[in-house]
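Data block below; observations after.
The values are calculated or read from the model by the stated rules, or taken from the named source; none is laboratory data. Predicted model only: the values in this text are computed from it and were never measured. Cβ placement follows ideal geometry from the backbone for every residue including glycine, while neighbour counts extend to all protein chains displayed.
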Amino acid sequence: MKVLIIDDEKSIRLSLRVALGKLGVKIFAVASGEEGIEIFRREKPDISIIDVNLPGINGIEVLKEIRKKDKNCIVIMITYISEVRLAVEAMKLGANDYFTKPFNMEEMKESIEDHLKYIKKSQELSDQGEENKTEIIGKSKSIQNVKEIAKKVGNMLYDTFILIQGESGTGKEIIAKAIHFNGIRRNKPYIALNCAAIPKNLQESELFGYEKGAFSDAKQQKKGLIEESNGGTLFLDEIGDMDIMLQAKLLRVLQEKKFRRIGGIKEIAFQANVIAATNKSLLKEIENGNFREDLYYRLNVVPIYTTPLRERREDIELLINYFISQYNKSLNKSVKGITKEALEICENYEWRGNVRELKNFVERVMIFQEDEWIDVENLPQNIISYESTKDSNAFIGSNLESVEMEMIHKTLQKNNWNISKTARDLGISRVTLRRKIEKYSIHK
């Protein structure tokens, strides 16, 4: 596990490094947002602890950059009480928690331990692979249309080209798998390449393979993914990140239905469904010179567009119940579902990470769920507080401490003044909560 600390105060970096070092995690600590973003790109940490007020790029901008690249990384913001309004903004942008300075190091350590347990359990569930990843869930008109297209294309004997476009987390890979595994090619190879995950200088050898001696490191012949997918499906995820020079070579393969390994002279026949997916606007990429127009039209024979979850809220209940069912099996639990009140909050939430964010939310809740029904008190604080933070400016006045006081008061009311539940929702200890109740003179 990796933890990234971004804070310009050396004493805080050192204290966190000492406290968290006992948890057996690899720690990266830097003083600026720019350094933090660079390390995040390189190391892909599981948890990031970010100071809101940083020199240069501030903590909010760092959070935005992290969320662009990783919807799953746990992000904890730290701030002075005078900057609580920025912490509220960070929660709206996808932060998981925040601490105000000076914070209790033991409470921070306990919070990190809880998050590490969640990450470990999440990885175990992912490894089990029990989910049916070929089922497209939803009743909205847009999803019904996608299902119909996937069924028709998947059962065609004719090899074709499919381009799936949509925001991150909207289920593009699920659709690609549904086309393959629910169709006539289900017993044929399904080969996937994430173009964004492979350095551009290695993409060609991954796709085309190579002959022995083709270059200095080519010690033996290697089949490429194009050859491996023959007769089945080749899925090119994040096609917008494919090297522009490689795009021309791919276009030739798609047009001529044959290719050569790197360093080879023999042409090999290629017959397969080719599915490409992207979260970028390829038309804009064409305008900017990053994507070939002829390749775009070659791939766009069967266009599929995935709608953001916020535009098909009628699917949220079905998706939540589907994920509950899956995690009941994985975790050996018997959760019956979600209450009407909790569902209403979920349906009003923005879900910037789309279905992926929703799935991760259900997974997190299910790991800690003990009751038969998921209720409001079981929801993460960032989802509960979303509605109230949308108009947070209405109650953020000159006294910024009122923001924290208001949040504590509302959470206490929601939990019928149950101290344990409120402390858990707020991510603080009961001792800290009682101290703050006394500090702000909060009463029923």
When T307 is run through (1) part of a helix (DSSP H, G or I); (2) under 20 Å from the mean Cα position of the chain (by Cα), the failure sits at (1)
Exactly one of L379, L319 is within 30 Å of T134 (Cβ to Cβ), at pLDDT 95 or above and surrounded by 18 or more Cβ atoms within 10 Å (Cβ to Cβ), and that one is L319
When the stretch 47-94 is checked residue by residue, the ones that are among the hydroxyl-bearing types (S, T, Y) and in a helix (DSSP H, G or I) are S82
Yes or no: N230 over 24 Å from the mean Cα position of the chain (by Cα) and in the same structural domain as I162 (by TED's automatic domain parsing)?
yes
Listed by range, strands (runs of 3 or more DSSP E) wholly within the stretch 95-209 having at least 3 residues that are in contact with a helix residue (DSSP H, G or I) (Cβ under 6 Å, 6 or more places away or on another chain) and either in the same structural domain as F259 (by TED's automatic domain parsing) or of a type in the set (D, E, K, R) (or both) are 161-165, 190-194
**OP:** Test V75 against the criterion of being in contact with a strand residue (DSSP E or B) (Cβ under 7 Å, 6 or more places away or on another chain) and under 25 Å from E167 (Cβ atoms), and give yes or no.
**Re:** yes
request  = Determine, yes or no, whether L207 is touching a residue at least 24 places away in the same chain (Cβ under 8 Å), aliphatic (A, V, I, L, M), crowded, with 19+ Cβ neighbours inside 10 Å and under 22 Å from P189 (Cα atoms).
outcome  = yes
Just one listed residue, out of A95, A31, is more than 30 Å from V362 (Cβ to Cβ) and touching a residue at least 24 places away in the same chain (Cβ under 8 Å), and it is A31
Conditions (1) at pLDDT 85 or above; (2) part of a helix (DSSP H, G or I); (3) surrounded by fewer than 15 Cβ atoms within 10 Å (Cβ to Cβ); (4) among the charged types (D, E, K, R) -> R356 fails only (3)
Only unsatisfied item for T160, checking (1) crowded, with 19+ Cβ neighbours inside 10 Å; (2) in contact with a strand residue (DSSP E or B) (Cβ under 8 Å, 6 or more places away or on another chain); (3) not acidic (D, E), is (1)
